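Structure first, then comments.
The values are calculated or read from the model by the stated rules, or taken from the named source; none is laboratory data. Here the structure is a predicted model, which is why all the values come from computation and not from measurement. In this analysis, Cβ positions are derived from the backbone assuming ideal geometry, glycine residues included, and neighbour counts consider all displayed protein chains. Side chains are part of the model used for accessible areas, which takes the heavy atoms of the whole protein and leaves out ligands, DNA and RNA. Shrake-Rupley method; radii C 1.70, N 1.55, O 1.52, S 1.80 Å.
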Amino acid sequence: MIEGLVTGTLVGLAEERQGKNGSAFVVARVKAAPGEGESLIVNVIAFAAEARAALLALDEGDTLAVSGALTPKVWTDKQGNTRPALDLVASQVLSVYHVERKRSALADTGVPPEA
């Protein structure tokens with residue numbers, strides 16, 4: 001298993017789904033830029049409650065960082081070109097909204113944001 005951290009922007013909206021056993025999960029797609037002019041689509045699935053809620057709170061185009069188990073993949077586009085992709089089982093999701101909320105919570109307790 002490869003543990004990874006991917007940063008990028010949300011493509012479309014995250015979707016909540018139900019598994020056959022009734023468990024909830026969220027799927028999303030993140031566009032990451034590994035090199036100049038290129039982009040890579042990361043297919044994200046989240047089972048953890050915090051990661052699911054974080055993905056559902058985001059809008060299309062929002063910047064985020066996701067960490068978890070990575071699996072490299074290859075897919076073929078409509079023109080027959082093979083392209084790389086990644087599947088990621090998200091254990092953590094971080095966005096600017098989470099940072100602002102944490103800073104606000106720290107301010108409410110009187111703890112300086114640098115601590």
Among Gly80, Phe47, Ala65 the positive-end extreme of the charge dipole of the range 38-83 (Cβ point charges): Gly80
Vicinal HN-Hα couplings computed from phi for the range 38-49 (Karplus, 6.51 cos²θ - 1.76 cosθ + 1.60; Hz; Gly/Pro x): 9, 9, 10, 8, 10, 8, 10, 10, 10, 9, 5, 4
Asp62 long-range amide H proximity, modeled H, under 5 Å: Leu10
Probe 1.4 Å - accessible area at Ser39, Å² to nearest ten: 70
For Glu38, solvent-accessible area (1.4 Å; no DNA, RNA or ligand), Å²: 120
Amide H contacts of Lys73 (H built 1.01 Å from N, under 5 Å, at least 5 apart or other chain): Ala85, Leu86, Asp87
